[in-house]
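Asks: If you scroll down you'll find the structure; I have some questions about it.
The values are calculated or read from the model by the stated rules, or taken from the named source; none is laboratory data. Keep in mind the model is a prediction, meaning the values are calculated, not measured. Glycine also receives a Cβ, built like all others from the backbone with ideal geometry; neighbour counts cover every protein chain displayed.
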Amino acid sequence: MSTTEELIEALNIMRQKFLNEKVKASFKNWNKTMQYYFPDKDEYWNIELKNGVPEELKQGEIPNPAIKYEMDADTFLAITRKQISGMKAYQQKKVKVKAKMPDLMKLQKLDKL
């Protein structure tokens with residue numbers, strides 16, 4: 001079972017992907033909040049983007065995030081470590097996501113990093 005420290009490290013890796021030169025321009029005008037819920041830890045974590053730049057990681061549930069993910073912490077770590085693709089985890093019903101389709105399509109750019 002993963003630790004909270006490993007989870008925070010993986011979430012920060014996800015934050016940093018938005019600053020990668022290959023995708024930075026795609027998210028330039030993005031002002032959205034991504035919320036991750038890890039039921040195995042009963043923890044909510046949020047990444048807020050302002051003009052595509054990620055703010056500091058914040059803990060806690062918020063109402064109506066633009067993008068909401070739900071998965072166990074080990075699945076998230078496996079995705080960030082490229083042991084499984086996000087799409088495969090979704091198809092295997094290891095990941096639940098609630099978001100508008102254009103947002104999901106844009107987020108797929110991060111999978112290639």
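Asks: Can you tell me which residue within segment 1-14, out of those that are surrounded by fewer than 17 Cβ atoms within 10 Å (Cβ to Cβ) and under 10 Å from the mean Cα position of the chain (by Cα), is nearest to T80 (Cα to Cα)?
Replies: Across segment 1-14, the extreme among qualifying residues is I13.
Asks: Within segment 64-78, is even one residue part of a helix (DSSP H, G or I), surrounded by 15 or more Cβ atoms within 10 Å (Cβ to Cβ), of a type in the set (V, I, T) and in contact (Cβ under 8 Å) with a residue 60 or more places away in the chain?
Replies: Step one: list which residues in segment 64-78 are part of a helix (DSSP H, G or I), which gives 73-78.
Filter again for surrounded by 15 or more Cβ atoms within 10 Å (Cβ to Cβ), leaving 73-78.
Remaining after also requiring of a type in the set (V, I, T): 75.
Retained after the next criterion (residues that are in contact (Cβ under 8 Å) with a residue 60 or more places away in the chain): none.
No, segment 64-78 contains no residue that is part of a helix (DSSP H, G or I), surrounded by 15 or more Cβ atoms within 10 Å (Cβ to Cβ), of a type in the set (V, I, T) and in contact (Cβ under 8 Å) with a residue 60 or more places away in the chain.
Asks: Here is a list: N29, N12. Which entry is part of a helix (DSSP H, G or I) and of a type in the set (S, T, N, Q)?
Replies: Details: N29 fails: part of a helix (DSSP H, G or I).
It is N12.
Asks: Based on what the data block shows, is I8 of a type in the set (V, I, T) and within 24 Å of M105 (Cβ to Cβ)?
Replies: no
Asks: Quickly run through segment 79-92 and pick out the residues that are hydroxyl-bearing (S, T, Y), in contact with a helix residue (DSSP H, G or I) (Cβ under 8 Å, 6 or more places away or on another chain) and in a helix (DSSP H, G or I).
Replies: T80
Asks: If you don't mind, another one. Please enumerate the residues belonging to segment 15-26 that are under 14 Å from the mean Cα position of the chain (by Cα), surrounded by 15 or more Cβ atoms within 10 Å (Cβ to Cβ) and either outside any loop (DSSP other than H, G, I, E, B) or among the aliphatic types (A, V, I, L, M) (or both).
Replies: Passing the criteria: R15, K17.
Asks: Also, quick follow-up: Out of all the residues in segment 36-57, which are part of a strand (DSSP E or B), free of Cβ contacts under 8 Å to residues at least 24 places away in the same chain and within 19 Å of K98 (Cβ to Cβ)?
Replies: Y44, N46, E48
Asks: A further question follows. Kindly provide the set of residues from segment 70-94 that are farther than 19 Å from T3 by Cα, at pLDDT 95 or above and not polar (S, T, N, Q), ordered by number.
Replies: Residue satisfying the conditions is K93 alone.
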